[in-house]
Amino acid sequence: MSVLITGVQPNSCAARHGILPGETLVSINGHPILDVLDYRFYEINSSLTLVIEGASGVHRELTLKKREYDGLGLTFETYLMDKQHSCRNKCIFCFIDQMPKGLRETLYFKDDDSRLSFLFGNYITLTNLSEHEISRIIEMHISPMNISVHTTNPKLRVEMMGNRFAGDALEVLNRLAQAGIKINCQLVLCPGINDGPELIRTLSDLEKLHPAVESVAAVPVGVTKFREGLYPLQQYDKETAAQVLDIMGAFGDRCFQKYGSRIAYPADEFFLKAGREIPPTDYYGELAQLENGVGLISLLREEFSYALEDTPSRSLRRKITLATGTAAQPFLSGLFEQACRQFPGLAGEVVAIRNEFFGETITVAGLVTGGDLIQQLKGRDLGDELLVPLCMLRREGDLFLDDVSLQEVTDALHVPVRVVANDGQQLLDAMLGSEN
């Protein structure tokens with residue numbers, strides 16, 4: 001198999017050697033090029049021998065020199081250079097299975113692609129890896145890898161993931177660790193299933209793979225109102241969330257004494273559900289699990305505090321509305337009150353948006369839809385500007401989950417909408433109306 005070249009950057013190494021769009025890259029230094037990992041790994045060398053297949057099907061060999069790590073200057077049809085790998089599991093907690101019909105097609109795609117783990121931090125289950133891919137990860141030392149473990153009990157993992165090979169895949173985790181691949185793990189916890197004694201077992205097993213296993217994030221299962229016909233799952237409440245925190249806390253304390261790192265961290269949502277104070281930022285070590293909502297609130301709180309210290313007090317005439325999920329509303333209200341005390345004339349409120357779209361059991365800001373924003377804020381005096389967190393929008397920053405655009409929200413609410421990243425300084429600047 002080879003990959004089609006769709007573009008050649010002007011004045012690049014490839015352009016100087018006459019490589020053309022429409023030709024095919026067959027191999028580099030004798031290694032077949034199948035996808036982006038092969039290409040990225042083998043193109044870094046300073047001395048390269050490329051086999052190129054022309055449009056007529058004739059192969060030619062090119063020998064070229066370049067500075068080490070410089071790119072060749074080739075572009076391909078997709079960033080992966082072939083099709084994205086889909087998930088073969090039928091996990092009892094899968095969020096995609098409990099979404100309503102009628103959303104954009106890409107939201108229903110279940111990826112389980114090791115390349116996306118390396119490139120974008122996506123989590124993989126190991127059940128979708130071929131022996132070739134496992135060997136390649138080890139040979140290329142692709143690190144870190146982000147792996148959805150959920151449980152180290154093989155039988156329970158099979159049951160939770162609906163895949164008879166899910167238990168066997170744990171051996172791959174051991175192989176990667178033995179090869180020195182750095183690993184970040186994820187545990188989606190379901191009450192009464194893989195928490196309690198099973199969580200203690202999983203944490204103990206993963207500790208044995210430290211230091212290869214650098215961090216473990218425990219996140220609570222999300223349960224929407226669209227679960228008809230699916231496995232009956234419970235949600236975490238104040239008591240059960242506290243039990244998870246107690247287990248994770250005791251494990252983390254012991255690991256910190258032994259290794260200087262807690263290794264395992266509960267998601268912020270557990271603290272919010274249990275009504276417990278979010279720990280300081282240094283509790284989270286290197287903050288390796290921010291994408292899992294682990295330490296996000298603590299980091300934002302610290303950054304916002306520094307931003308307040310660095311910004312001189314002044315009087316304003318500004319009223320704003322901040323929209324967020326119900327879980328984070330009390331926390332953000334506290335930050336806004338601090339800003340209002342330091343900047344007289346700053347007024348407004350932080351509004352918790354109930355998730356009518358997925359159900360009120362979903363409380364995180366990242367799953368708030370544009371439709372819910374419009375429905376619950378329409379007719380209110382929103383002031384000079386509406387602030388919404390970046391996590392509400394897709395990667396391109398233009399659409400909410402229900403395909404409502406930022407412009408549609410602006411038009412419906414008759415107020416400018418400002419998107420704010422999870423950054424303390426940017427949040428304060430947005431509150432004050434500073435230019436981006």
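Points worth noting:
- Some residue of segment 214-236 being surrounded by fewer than 18 Cβ atoms within 10 Å (Cβ to Cβ), in contact with a strand residue (DSSP E or B) (Cβ under 9 Å, 6 or more places away or on another chain) and not hydroxyl-bearing (Ser, Thr, Tyr): yes
- Test: residue in segment 376-388 that is small (Gly, Ala, Ser), assigned to a loop (DSSP other than H, G, I, E, B) and touching a residue at least 12 places away in the same chain (Cβ under 8 Å): yes
- The criterion of at least 1 residues that are over 13 Å from His17 (Cβ atoms), among the aromatic types (Phe, Trp, Tyr) and modelled with pLDDT of 80 or more is met, among strands (runs of 3 or more DSSP E) falling completely within segment 38-88, by 74-76.
- Scanning segment 277-313 for residues that are of a type in the set (Phe, Trp, Tyr) and either surrounded by fewer than 16 Cβ atoms within 10 Å (Cβ to Cβ) or in contact (Cβ under 8 Å) with a residue 60 or more places away in the chain (or both) gives Tyr283, Phe304, Tyr306.
- Taking each residue of segment 202-224 that is more than 25 Å from Lys238 (Cα to Cα) and looking for partners that are part of a helix (DSSP H, G or I) with beta-carbon atoms closer than 6 Å, six or more apart or interchain, yields Leu209/Ala177; Ala212/Ala177; Val213/Leu206.
- Of all the criteria given as (1) part of a loop (DSSP other than H, G, I, E, B); (2) open to solvent by less than 30 Å² (accessible area, probe 1.4 Å), the one not satisfied by Leu203 is (1).
- Among the residues of segment 262-269, some residue qualifies, meaning at least one is of a type outside the set (Ser, Thr, Tyr) and more than 21 Å from Ser204 (Cα to Cα).
- Qualifying residue in segment 126-139 (condition: touching a Leu at 6+ places or on another chain (Cβ under 7 Å), of a type in the set (A, V, I, L, M, F, W, C), open to solvent by less than 50 Å² (accessible area, probe 1.4 Å) and at pLDDT 80 or above): yes
- Of all residues in segment 238-276, those satisfying the criterion of being surrounded by fewer than 20 Cβ atoms within 10 Å (Cβ to Cβ), among the charged types (D, E, K, R) and touching a helix residue (DSSP H, G or I) at 6+ places or on another chain (Cβ under 7 Å) are Lys238, Arg276.
- Each residue in segment 395-417 was checked for being open to solvent by less than 30 Å² (accessible area, probe 1.4 Å) and either closer than 15 Å to Leu322 by Cα or in a helix (DSSP H, G or I) (or both), and 4 of them qualify.
- Taken across segment 317-339, residues that are under 26 Å from the mean Cα position of the chain (by Cα), free of Cβ contacts under 8 Å to residues at least 40 places away in the same chain and surrounded by 21 or more Cβ atoms within 10 Å (Cβ to Cβ) do occur, with at least one present.
- Odd one out for Asn163, checked against (1) assigned to a loop (DSSP other than H, G, I, E, B); (2) open to solvent by 30 Å² or more (accessible area, probe 1.4 Å); (3) over 20 Å from Gly295 (Cβ atoms): (2)
The values are calculated or read from the model by the stated rules, or taken from the named source; none is laboratory data. Quantities reported herein were computed from a predicted structural model and do not represent experimental measurements. Because the Cβ atoms are built from the backbone with ideal geometry, glycine has one as well, and the counts that use them run over all protein chains shown. For the accessible areas, the whole protein counts, side chains as well, though only heavy atoms, and no ligand, DNA or RNA atoms are used. Shrake-Rupley method; radii C 1.70, N 1.55, O 1.52, S 1.80 Å.
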